[in-house]
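The values are calculated or read from the model by the stated rules, or taken from the named source; none is laboratory data. Treat the numbers as computed from the prediction; the structure is a model and nothing was measured. Glycine also receives a Cβ, built like all others from the backbone with ideal geometry; neighbour counts cover every protein chain displayed. Ligands, DNA and RNA are excluded from the accessible area calculation, which covers all protein heavy atoms including side chains. Shrake-Rupley method; radii C 1.70, N 1.55, O 1.52, S 1.80 Å.
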Amino acid sequence: MLTDIKSMNLSELIAYLTDNGFEKFRAKQVLTWIKQDARSFDDMTNIPAKLREFLKKNTYLAKAQIVRVQRSKIDDTIKYLYQLYDGEYVEGVLMRYHHGLSVCISTQVGCKMGCTFCATGKSGFSRSLTASEMIAQIRSAELDVGERISNVGLMGMGEPFDNYDNVIRFLKLVSSEDSLHIGMRHITISTCGIVPRMRDFADLQLQCGLSVSLHAPDDEARSRTMPINRRYPIAEVIAASKYYVDKTNRRISFEYALISGENDSDNHARSLSELLSGMLCHVNLIPVNNVTGAGYQKSTLKRQNAFVNILAQAGINATVRRTLGSDIDASCGQLKRNFMKGDV
């Protein structure tokens, strides 16, 4: 099996090369070429041919090659289809805000979680991404638009905490000076509520943002749309969320997809207020997006406003997320891994 050299930090790369008989300083040279987006080892002209041949035989340069670009006609959102090293595909989304560029990247090819309002789970699961493949999505988007990306959300395809070790490696790499040097406070991870990993993540105190997909205030309603709730019910998710806040002293976010007739009543809003009472948190209300076969309808504007007002009266900070890229299926829950012939 080939070694993913781009997922190594400098000390690991030094150890790898010296263990195989090469000089220590060669690691910095190789890393410099990686930062300069070298596409092959043959591009690394200042390292000896023997080392280049060794790297070609034993390692690979992970990629996220853009093979399709869709640009929204209603806002500045861009959706990318990336092809990975082994021919698999993932999608990512670039969004422009007043504070700079944000990119939503994928952590898995597909998803195992099976949330009923999400297209990703409906398209099946293939594998998890490496740290370097996550970084490659960001870098490919930067090269496409010719601008630096300042904020990253691990909110694309996949459940980040189902790929925990690679995600943690990604966070440490992407924030380092040897990589893209994006600060931890500019990165947000979204999880459907993998409770043990939420607690592990809190213990690391990495100062990243954490966003929890809640989508219902009680177990009965949540289990209908999120099968993971049968394994980790709401009480455990909320306890882990409070643990994160206590450990990091950072506000936690809760994602709540407003589905007409399913979870958007006044009673649901009051129950959610009670559930989150006293917690340092913010609620992102997301009018559910169209997903083929789901049959869900987004809440009316009147219902959305009523929901926000009930939360506000209870002292819960809440906003309705602006929908971006809806005309190119780039909004929350619309990314997928299965594509028709001719799409790429």
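When the charge dipole of the chain is built from unit charges on Cβ atoms (+1 for Lys and Arg, -1 for Asp and Glu) and taken about the Cα centre, the candidate among 40, 83, 179 whose Cα reaches farthest toward its positive end is 40. When the solvent-accessible area of the chain is split by element, carbon and sulfur atoms take up 48 percent of it, the probe being 1.4 Å. Dipole size of the range 1-150 about its Cα centre, with +1 on Lys/Arg Cβ and -1 on Asp/Glu Cβ: approximately 80 debye, rounded to the nearest 20. Solvent-accessible surface of the chain, averaged per residue with a 1.4 angstrom probe and all protein chains in place: 45 square angstrom. Straight-distance candidates among the aspartates and glutamates for linking to residue 57, with alpha-carbon spacing under 13 Å and chain neighbours fewer than 8 residues away dropped: 4, 42. In order along the range 77-91, the Karplus-derived 3J(HN,Hα) couplings, from 6.51 cos²θ - 1.76 cosθ + 1.60 at θ = phi - 60°, round to 5, 10, 10, 10, 9, 9, 9, 8, 3, 9, x, 6, 10, 9, 10 Hz, and Gly and Pro are given as x. The modelled label-to-label distance between residue 207 and residue 145, using points 7 Å beyond Cα along the C-beta direction, is 2.5 nm. Principal axis extents of the C-alpha atoms in the chain (largest first, rounded to whole Å): 69, 46, 37.
Radius of gyration over Kirkwood radius for the range 129-285, both on Cα atoms: the Rg/Rh ratio is 1.00. Within a straight-line Cα-Cα reach of under 21 Å, residue 56 can be paired with the following lysines, leaving aside sequence neighbours fewer than 8 residues apart in one chain: 6, 24, 28, 35. Largest GNM mean-square fluctuation across 64, 49, 141, computed for the chain with C-alpha springs under 10 Å, falls on 49. The helix-only estimate of mean residue ellipticity at 222 nm for the chain, built from DSSP H runs of length n ≥ 4 each weighted as -39500 (n - 2.57), is -10000 deg cm²/dmol after division by the residue total.
For the chain, the longest stretch holding no trypsin sites (Lys or Arg not before Pro) located in a DSSP loop with at most 12 other Cβ atoms within 10 Å is which? After excluding every exposed loop site, the longest remaining stretch is 232-321. Once all Cα-Cα distances of the range 206-253 are split into 5 Å bins that start at 0, what whole-number percent is in each one? Values per bin, smallest distances first: 5, 22, 29, 19, 14, 9, 2. Magnitude of the charge dipole for the chain, about its Cα centre and with charges confined to Cβ atoms of Lys, Arg (+1) and Asp, Glu (-1), is about 240 debye. For the range 16-28, 3J(HN,Hα) computed residue by residue from phi via the Karplus equation (6.51, -1.76, 1.60; θ = phi - 60°) reads 5, 6, 5, 5, 9, x, 9, 5, 4, 5, 5, 4, 5 Hz, glycine and proline entered as x. When the Cα positions of 31, 106, 238 are compared along the charge dipole of the chain, 31 comes out farthest toward the positive end, with charges on each C-beta of Lys, Arg, Asp and Glu. Computed from phi, the 3J(HN,Hα) profile of the range 249-264 under the Karplus parametrisation 6.51, -1.76, 1.60 (θ = phi - 60°) reads 6, 10, 5, 9, 10, 10, 8, 9, 7, 7, 10, 4, x, 10, 8, 10 Hz, with x in place of Gly and Pro. For the chain, the longest principal axis of the Cα atoms and the long axis of helix 164-174 meet at an angle of about 60 degrees.
Ranking 121, 17, 54 by Cα position along the charge dipole of the range 1-139, where only Lys, Arg, Asp and Glu carry charges on their C-beta atoms, puts 121 farthest toward the positive end. Taking the longest Cα principal axis of the chain as reference, the axis of helix 195-204 is set at about 60 degrees. Rg/Rh for the range 207-308 stands at 0.97; both radii use Cα atoms, and Rh follows the Kirkwood definition.
Hey, which lysines would be in cross-link range of residue 79, C-alpha to C-alpha under 20 Å, not counting anything within fewer than 8 residues on its own chain? Of all the lysines, those that pass the test against residue 79 - Cα under 20 Å, at least 8 places apart if same chain - are 63, 122, 336, 341. Computed over the range 227-286, the Cα gyration tensor eigenvalues convert (square root of 5λ each) into semi-axes of 21, 14, 10 Å, ordered from largest to smallest.
Charging the Cβ of each Asp and Glu at -1 and of each Lys and Arg at +1, and nothing else, the dipole of the range 1-72 about its Cα centre rounds to 280 debye.
Normalised by residue number, the volume inside the convex hull of the Cα atoms of the range 69-151 is 115 Å³ per residue.
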